[in-house]
Amino acid sequence: MNSSADIQNALDPVILYRVNAEKGDGKDLAKEFKIRAYPTFIMVNKAGQIIDLWLGYDKFGFIRTLDDARADLSTIDEKKTRYAAKPDLHSSVVLGRYSSATGEYKDAVAFYQEAQSLTSDLTKNYYYEIFENTANGVRDKNFTYDDAAKAADVVLSSSPKDPWPVILTGNQMIQMAKAAGKPNDVAKYIQAGLDATAATDDPDIKKVHSELMVDFAMTVKGDTASALEYMK
């Protein structure tokens, strides 16, 4: 885990127990909790019942999710019961990320769609989460390429201040469009990524822009020489 003061403060109210899911008892725990990738974080109560479960790590995302999980210490089963009786925004989001982390993508999409219908915060939407789980569900044949493309277009047209949802959506759709043999869609999503990453001082976003320029030159223009220049 990150050793920064912010992370340490966030962890103060909980007991952090680290498990190697590929060795010893960790294998059984991984199977019991449906661990599919690393890192996966699970918040449980004293009885070992799941309160929240999520996949992936970045510092600020981890702190936000941990705080959100601590705000409602009911179990996942209790949240499902509450949601079935009357859907609420918090339960929808928690159950969405739980279903996403455990590979239940169709359920995750339904929960995030409900969250989107319930939110009144104009600065927050769940379009990327809906897209991500739709795209992941294509592999399981719960959704089609066209379903993913439709969800992607919603992300691209939502005009978020944060360019990363557009970048991540575009990158995933570029790969899916290449695999599906849809060159026009490849060009469309490369251009969306270029637009989202233009005119920035952020070094990470500038790097993405350069990589997309390579892809644009190679895939859209068929210009190997320009691609090599961009790579340099």
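Some points to look at:
- All positions within the range 68-107 that are open to solvent by 70 Å² or more (accessible area, probe 1.4 Å) and more than 18 Å from residue 136 (Cβ to Cβ): 70, 71, 73, 77, 78, 80, 81, 82, 84, 85, 86
- Subset tally (residues that are among the acidic types (Asp, Glu) and modelled with pLDDT under 95) for the range 127-146: 1
- Residue check for residue 14: assigned to a loop (DSSP other than H, G, I, E, B) and crowded, with 16+ Cβ neighbours inside 10 Å: no
- Residue check, residue 149 over 20 Å from residue 96 (Cβ atoms), at pLDDT 95 or above and either surrounded by fewer than 17 Cβ atoms within 10 Å (Cβ to Cβ) or not basic (Lys, Arg) (or both): yes
- Applying the criterion of being over 22 Å from the mean Cα position of the chain (by Cα) and open to solvent by less than 60 Å² (accessible area, probe 1.4 Å) to the residues of the range 196-209, the residue that is nearest to residue 186 (Cα to Cα) is 198.
- Applying the condition of being touching a His at 6+ places or on another chain (Cβ under 8 Å) and without any contact (Cβ under 8 Å) to a residue 24 or more places away in the chain to the range 165-224 and asking which residue is farthest from residue 129 (Cα to Cα) yields 198.
- Qualifying residue in the range 128-141 (condition: surrounded by 20 or more Cβ atoms within 10 Å (Cβ to Cβ), in contact with a helix residue (DSSP H, G or I) (Cβ under 9 Å, 6 or more places away or on another chain), among the hydroxyl-bearing types (Ser, Thr, Tyr) and in contact (Cβ under 8 Å) with a residue 24 or more places away in the chain): yes
- Complete set of residues in the range 36-63 that are at pLDDT 90 or above and open to solvent by 40 Å² or more (accessible area, probe 1.4 Å): 38, 39, 42, 44, 45, 46, 47, 49, 55
- Of the residues making up the range 28-68, those that are of a type in the set (Phe, Trp, Tyr), assigned to a loop (DSSP other than H, G, I, E, B) and under 14 Å from the mean Cα position of the chain (by Cα) number 2.
- Among residues of the range 77-126 being hydroxyl-bearing (Ser, Thr, Tyr) and in a loop (DSSP other than H, G, I, E, B), the one that is farthest from residue 163 (Cα to Cα) is 102.
The values are calculated or read from the model by the stated rules, or taken from the named source; none is laboratory data. The model shown is predicted, which means the values in this text are computed figures rather than measured ones. Heads up, the Cβs are rebuilt from the backbone with ideal geometry, glycines too, and the neighbour counts pull from every protein chain shown. Protein only, heavy atoms only, side chains kept; ligands, DNA and RNA dropped before computing areas. Shrake-Rupley method; radii C 1.70, N 1.55, O 1.52, S 1.80 Å.
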